[in-house]
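Down below is the structure, laid out as structure tokens.
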Amino acid sequence: MQNKRRQLGILNSKGVQVIKSDYDEARNFSGSFAAVLTKNGWGYIDKKGILIVKSRFTEVRDFHEGLAAVKVQNFSCSVQNNVLTLHLKVLSI
């Protein structure tokens with residue numbers, strides 16, 4: 001669902017908006033989390049709409065088995081249990 005500024009929110013299966021329209025882009029939930037884009041970059045919300053991983057990434061992937069690949073500028077990282085881990089070997093995502 002989009003608001004007047006064309007920002008996205010999330011509807012439940014009954015069409016009721018459950019997460020307000022605060023995002024420039026939003027991906028489907030992967031497990032308990034969904035990637036969302038704000039003016040500050042990509043982050044992750046939970047199913048209540050709470051930003052659980054701060055929006056600061058330039059690229060993100062969906063969570064898989066509790067782990068998500070993310071990119072901050074030119075550094076590849078991973079997020080697990082709200083902990084950001086920097087990988088010294090730059091990976092292409």
With labels modelled as points extended 7 Å from the Cα through the Cβ direction, what inter-label distance (nm, one decimal) is found for Lys48 paired with Ser78?
2.8 nm
How far, in nm, would the chain grow between Asn28 and Lys14 when pulled straight, counting 0.36 nm per residue and subtracting the alpha carbon separation?
3.4 nm
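Here, each number is a calculation from the coordinates, and none is a lab measurement. For clarity, every value in this text was computed on a predicted model and none was experimentally measured. Cβ sites come from the backbone with ideal geometry, for glycine too, and all protein chains shown count toward neighbours.
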